[in-house]
Amino acid sequence: MRYGMYDATRGLTIAVAAGLAGLLLWTATQVGQTSTGRFWAEMGIVAGAGLVLSLAQVLGGWTKGMRLRLSPGTFVLGFVPVLVCVGWILMASQPGTGWHEGRIVSWSHSIGLMGVIHAVGLWNGVLAFGFGLVLGMTFDTVPAVAPAEVPVADRGRRGVAPVPAGRRAAMDGRAADEPVTAEQREVPAGGRTRMGRMRMRRDRVAAGDDRPPADETPETMD
C-alpha cells in the first residue's frame with residue numbers, strides 16, 4: 001500500500017496523544033479547585049491535554065518530510081478571539097476573589113452577559129480543553145525548503161575559481177577543431193590522417209601554392 005506506513009504512523013501518534021491527554025485529565029482531577037491557584041493549575045493541565053491531542057494531527061506530517069510552523073493568520077484570527085472569550089469566562093467564574101475577578105464580574109453585569117457567563121462557566125473544564133485544542137490548530141506542516149543550488153556566477157566567491165574568459169574561449173576553439181574519433185582513427189596508407197591532409201592543403205593555399213602534395217592522390221567520387 002502506498003500510504004500504509006504513513007497511516008500506521010499517524011494512527012499510533014494519535015493513540016499515544018490520546019493516552020497522554022487522558023493522563024493529563026486524570027492529573028487535573030487530583031489538583032482540584034479548592035483555591036484560586038489550584039483552579040488555574042487545573043485549567044492549565046486540561047488545556048495541555050487539548051493541545052497534545054490537537055498537535056497529534058500535525059506531528060504525523062513529519063513522516064512525509066514536512067516541517068512544523070505556526071500560522072500567524074490562524075493565530076490572530078482564530079486563536080486570539082478564543083483566548084479573549086475563554087479567559088473572560090474563566091476569570092469571571094474562578095473561585096474566591098481571584099485575579100481581576102471583581103472587575104470582570106462587574107463588567108459582565110454591565111453588559112448583561114453575566115447569566116450566559118455563569119451558565120457556560122459551569123463547564124470550565126471543557127472550555128480549557130477547547131482552548132488548548134484551538135491553540136494546537138494554529139500549527140500546520142509545510143514542505144521542507146530544499147537547499148538552493150549555488151549559481152555559476154557565485155562559485156568563485158564560495159571557493160571554486162571560475163574559468164577565465166580567454167581560457168574558456170581557447171578551450172571552446174580547440175573543442176570545435178577537434179576531429180571526431182572516427183576521423184582520428186582513419187589513417188590511410190600514406191601515413192597522414194584526413195585531418196592532417198586538410199590542414200596541409202589549407203597551409204599551402206594560404207602560402208599561394210595550390211598544388212596537392214606529392215603523396216596525396218586526388219579524391220574521386222564513387
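Bear in mind that the values in this text are calculations on the coordinates, not laboratory data. Note that the structure is predicted; figures quoted are calculated from it, not measured. Backbone-built Cβ (ideal geometry, glycine too); neighbour counts: all protein chains shown.
Some points to look at:
- Using C-alpha pairs below 8 Å separated by at least 6 residues, the relative contact order for region 4-143 is 36 percent.
- The residues M43, M200, when put in order of fewest to most other Cβ atoms within 10 Å, stand as M200, M43.
- Shape call, region 34-94: gyration tensor on alpha carbons, a/c limit 1.5: oblate
- If R0 equals 45 Å, the separation of the Cβ atoms of L77 and M5 corresponds to a calculated FRET efficiency of about 0.80.
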